[in-house]
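Encoded as structure tokens, the structure appears first; notes follow it.
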Amino acid sequence: MERRLKTSTKVYLTLGLIALSILLLYVASKTLDTYAIRILRLIAVFGVMAVSYTFINGITGLFSLGHAGFVAIGAYTSALLTMSPMQKEMSYILEPLIWPLNVIQTDFFTATLAAGVMAALFAFLIGYPSLRLTGDYLAIATLGFSEIIRIMALNMQSVTNGALGLKGLPEYSNIWWTWGWLFITVVVITSLTYSSFGRALKAIRDDAIAAEAMGINVFKHQLMAFVISGFFAGVGGSLYAHLLTTIDPRPTTIGVMLTFYLLIMIVLGGLGSITGAIIGAALFAILSEWLRFVEGTMHIGKWTIHGIPGMRMVIFSLLFIITMLVWRRGIMGMEELTWDKLYNWILRLRPRRKEG
């Protein structure tokens, strides 16, 4: 029989976990080297993107492949707002930046909020016609819109600086901004998931016809979820741009490959699980750095093995295929890591008393 903790106990445990997390992040920022801290920041940034992506793909049940487009909108919006007018004048060589973007400069928090709002607006404009489709048709439509956004970024010279991109961005995405936004994203998405709105989304995911028969406005709920997901994807784009300190319209940066990476994260972690999305993001960030050795020259005894560029993505693709064939539920499936589950696991691990 499953046991449940008291609500007050869960609150104290949650507050304790938050305090411990802040302490660990502080210790990490003071003791770890620059490379390790960068991986920690990358985990948080990927976490924001993956949680927002699983909200629409896993919890709502919409097969969307356009998430990279919203990340791109957020990245460019934030970059244009945080760059100084002098930096913009020096960067835009072929064509000058249009007014009023050429004279505007804001703080990072305002720019990140604006990035989320702009991405949410595009999510509404894309979702309104696209969400009338379902299944593979929706996936193709959203993928097409995402590629349109990337091509626009490539050709709108007076706004995005075209193929030259935006370089030398301030490295605002420190360990506190990235993990702070991940915390906000998880709190908001989790609250929505376990609200009446979230229960309606799950009902639509399981059986849209039955949900509509019960009086749920399917299109309205899906569109709202799409917009919310787009907002946090834009926030993730802002953090991503100011972590890389550069943004350009290459497919590997903001194109279809980024959507593929996010898809690996949420499938590996468990499609429909917020906890799984974070675990998948952490595994992807760590493995993507650790596997760099397969693309370089390796010396094993007397043998020299030359690395193959792109081999990391081959390994990730194989991992994705194996997961889909053997372990379709991923690490967490649709389950979440809760205090009640941890408590019951601990009870099962305790040695039982012998009756005598």
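The values are calculated or read from the model by the stated rules, or taken from the named source; none is laboratory data. These numbers were taken from a predicted model, which means no experiment stands behind them. Neighbour counts run over all protein chains shown; Cβ positions are idealised from the backbone, glycine included.
Within the range 90-105, residues that are part of a loop (DSSP other than H, G, I, E, B) sit with their Cβ atoms under 6 Å from residues that are of a type in the set (S, T, N, Q), at 6+ positions apart or across chains, in these pairs: Tyr92/Asn161; Leu94/Gln157; Glu95/Gln157; Glu95/Ser158; Ile98/Ser158; Gln105/Ser84.
Among residues of the range 3-31 that are more than 16 Å from Leu182 (Cα to Cα), those with a beta-carbon under 9 Å from a residue that is modelled with pLDDT of 90 or more and outside any helix (DSSP H, G or I) at least six positions away or on a different chain give the pairs Ser29/Asn174. Within the set Thr60, Thr31, Thr14, the sole residue that is within 30 Å of Gln222 (Cα to Cα), of a type in the set (S, T, N, Q) and modelled with pLDDT under 95 turns out to be Thr60. Tell me yes or no: at least one residue of the range 59-66 is more than 28 Å from Ala225 (Cα to Cα) and either charged (D, E, K, R) or in contact with a Gly (Cβ under 9 Å, 6 or more places away or on another chain) (or both). No, the range 59-66 contains no residue that is more than 28 Å from Ala225 (Cα to Cα) and either charged (D, E, K, R) or in contact with a Gly (Cβ under 9 Å, 6 or more places away or on another chain) (or both). With touching a residue at least 12 places away in the same chain (Cβ under 8 Å) and within 15 Å of Phe46 (Cα to Cα) as the only criterion, which of Glu295, Glu289 stands out? Exactly one of Glu295, Glu289 is touching a residue at least 12 places away in the same chain (Cβ under 8 Å) and within 15 Å of Phe46 (Cα to Cα), namely Glu289. In this structure, Ile279 qualifies as over 19 Å from Gly74 (Cβ atoms) and modelled with pLDDT of 90 or more.
Yes/no per residue for (1) in contact with a Pro (Cβ under 8 Å, 6 or more places away or on another chain); (2) under 27 Å from Phe219 (Cβ atoms):
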| residue | (1), (2) |
| --- | --- |
| Leu94 | no, no |
| Gln105 | yes, no |
| Thr110 | no, no |
| Ser130 | no, yes |
| Ser146 | no, yes |
| Leu154 | yes, no |
| Gly162 | yes, no |
| Glu171 | no, no |
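Here the condition is being at pLDDT below 95 and touching a Phe, Trp or Tyr at 6+ places or on another chain (Cβ under 8 Å); of Thr193, Thr185, it holds for Thr193 alone. When the range 188-199 is filtered for residues that are among the small types (Gly, Ala, Ser) and surrounded by 12 or more Cβ atoms within 10 Å (Cβ to Cβ), only Gly198 remains.
Flag set for Leu223, criterion: surrounded by fewer than 23 Cβ atoms within 10 Å (Cβ to Cβ) and touching a residue at least 40 places away in the same chain (Cβ under 8 Å). Within the range 107-150, the residues that satisfy the criterion of being of a type in the set (Val, Ile, Thr), out of contact with any Gly (no Cβ under 9 Å at 6 or more places or on another chain) and over 24 Å from Glu171 (Cα atoms) are Thr134, Ile140. Just one of the numbered conditions (1) surrounded by 24 or more Cβ atoms within 10 Å (Cβ to Cβ); (2) more than 25 Å from Gly165 (Cα to Cα); (3) of a type outside the set (Gly, Ala, Ser) is not true of Lys202: (1). Looking at Met90, Met152, Met83, Met118, just one residue is modelled with pLDDT under 90 and among the hydrophobic types (A, V, I, L, M, F, W, C), and that residue is Met90.
The condition (being under 25 Å from Ala153 (Cβ atoms) and of a type in the set (Gly, Ala, Ser)) is satisfied by just one residue among Gly215, Gly236: Gly236.
Taking the criterion of being outside any loop (DSSP other than H, G, I, E, B) and modelled with pLDDT under 75, the residues of the range 296-321 that qualify are Met298, His299, Ile300, Trp303, Thr304, Ile305. Of all residues in the range 115-150, count the ones that are under 20 Å from Arg250 (Cβ atoms) and aliphatic (A, V, I, L, M). Here the count works out to 5.
Can you say whether Ser158 is farther than 17 Å from Ile56 by Cβ, over 23 Å from the mean Cα position of the chain (by Cα) and among the polar types (S, T, N, Q), as far as the supplied structure shows?
Details: farther than 17 Å from Ile56 by Cβ: yes; over 23 Å from the mean Cα position of the chain (by Cα): yes; among the polar types (S, T, N, Q): yes.
When the stated conditions are applied, Ser158 passes them.
The set of residues in the range 23-44 being of a type in the set (Val, Ile, Thr), surrounded by 10 or more Cβ atoms within 10 Å (Cβ to Cβ) and over 21 Å from the mean Cα position of the chain (by Cα) consists of Val27 alone.
Considering (1) aromatic (Phe, Trp, Tyr); (2) free of Cβ contacts under 8 Å to residues at least 60 places away in the same chain; (3) surrounded by 16 or more Cβ atoms within 10 Å (Cβ to Cβ), the lone condition that Trp181 does not fulfil carries the number (2).
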